[in-house]
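Trainee: Below: one structure in structure tokens.
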Amino acid sequence: MDIHLIPGLGADHRIFDELLVDVPGRQAHDWPVMAPGSSLRHFAEALAERIDTSRPHVLIGMSMGGMVVQEMAAITKPMHVIIISSWKGPQEMPPPIRLLRGKHPERLLNKRFLQHSMPLIRWQMGVEDPEGAALFDRFLAVHTIEQLKVQVNACLEWEGPKFQIPDLVHLHGDRDRLMPIETIVGAHVVRGGTHFMVYNKGALLSGLVQCVLEGRALG
């Protein structure tokens, strides 16, 4: 069985360095370069081309990746869909984020703005140790400002998947400052989990994912 891991906004495959380590069939992906105005559906279509749909497979996405795998599910027909630190639609976005929809705040993004915002972004992500901070800072070199704008706009304008995904599993931390648990419905709550928990609680998250893949109840 193939396990496809889709990262969060502005991140790459390294965000999954602590998740399902050495599990056979594990493939952590990077974001494709997309044209301005691309939607999350367009991201899903591009990523779906990398998947051998003739083989049993699982889609796991973190943050923006969790939104994209919900769109991918209609294309690739996976055995399981697991989202981590993510949203299932705009109804789960906190009110300040919903107010930004349609206003294109990504247009304000530039290198200087991003550098000045890094302390706040790290705090929202829950990056609390030097190793995690170093990895997070390296993500700055992964995408151009223009690609970050495409990703931000695609997330803000997402209307949610067009169909209900059976047995969707949602893992969400109760200390997530970027996507607060208060607006999340139907998730398995990870105590002490931040938005960065896929990395800094990788062993715990791996155990929960294995429970799903083996058909065991989440503790």
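The values are calculated or read from the model by the stated rules, or taken from the named source; none is laboratory data. These numbers were taken from a predicted model, which means no experiment stands behind them. Neighbour counts are summed over all protein chains in view; Cβ atoms, including those assigned to glycine, are modelled from backbone coordinates with ideal geometry.
Trainee: Find all pairs meeting these conditions: Cβ atoms under 6 angstrom apart; at least six residues apart or on different chains; first residue within segment 21-32 and under 15 Å from V209 (Cα atoms); second residue among the acidic types (D, E).
Mentor: G25/D2
Trainee: Suppose the filter is free of Cβ contacts under 8 Å to residues at least 24 places away in the same chain and closer than 24 Å to Q124 by Cβ; does P96 pass it?
Mentor: yes
Trainee: Out of all the residues in segment 141-150, is one or more of a type in the set (G, A, S) and at negative phi? Quick ask: steps written out before the conclusion?
Mentor: Step one: filter segment 141-150 for residues of a type in the set (G, A, S), giving 141.
Restricting the remaining residues to those that are at negative phi gives 141.
Among the residues of segment 141-150, at least one is of a type in the set (G, A, S) and at negative phi, which makes the answer yes.
Trainee: Further, regarding this structure: Looking at the structure I just gave you, is A28 buried (at least 18 other Cβ atoms within 10 Å of the Cβ), within 22 Å of Q147 (Cβ to Cβ) and either at pLDDT below 95 or more than 16 Å from the chain's Cα centre (by Cα) (or both)?
Mentor: Details: buried (at least 18 other Cβ atoms within 10 Å of the Cβ): yes; within 22 Å of Q147 (Cβ to Cβ): yes; either at pLDDT below 95 or more than 16 Å from the chain's Cα centre (by Cα) (or both): no.
The answer is no for A28.
Trainee: In segment 181-203, how many residues are of a type outside the set (A, V, I, L, M), buried (at least 19 other Cβ atoms within 10 Å of the Cβ) and assigned to a loop (DSSP other than H, G, I, E, B)?
Mentor: 5
Trainee: Further, regarding this structure: Hey, among G193, G132, which residue is small (G, A, S) and either out of contact with any strand residue (DSSP E or B) (no Cβ under 6 Å at 6 or more places or on another chain) or more than 27 Å from P78 (Cβ to Cβ) (or both)?
Mentor: G132
Trainee: Restricting to segment 40-70, name every residue that is in contact with a helix residue (DSSP H, G or I) (Cβ under 7 Å, 6 or more places away or on another chain), crowded, with 18+ Cβ neighbours inside 10 Å and part of a loop (DSSP other than H, G, I, E, B).
Mentor: I51
Trainee: OK, next. What is the number of the single condition among (1) within 16 Å of the chain's Cα centre (by Cα); (2) modelled with pLDDT under 95; (3) buried (at least 18 other Cβ atoms within 10 Å of the Cβ); (4) not small (G, A, S) that V150 does not meet?
Mentor: (2)
Trainee: Of all the residues that make up segment 81-117, how many are among the hydrophobic types (A, V, I, L, M, F, W, C) and either modelled with pLDDT of 90 or more or under 19 Å from the mean Cα position of the chain (by Cα) (or both)?
Mentor: Here the count works out to 7.
Trainee: Still on this structure: Of L156, L213, L204, L218, which residue is at pLDDT below 95 and farther than 17 Å from L59 by Cβ?
Mentor: L218
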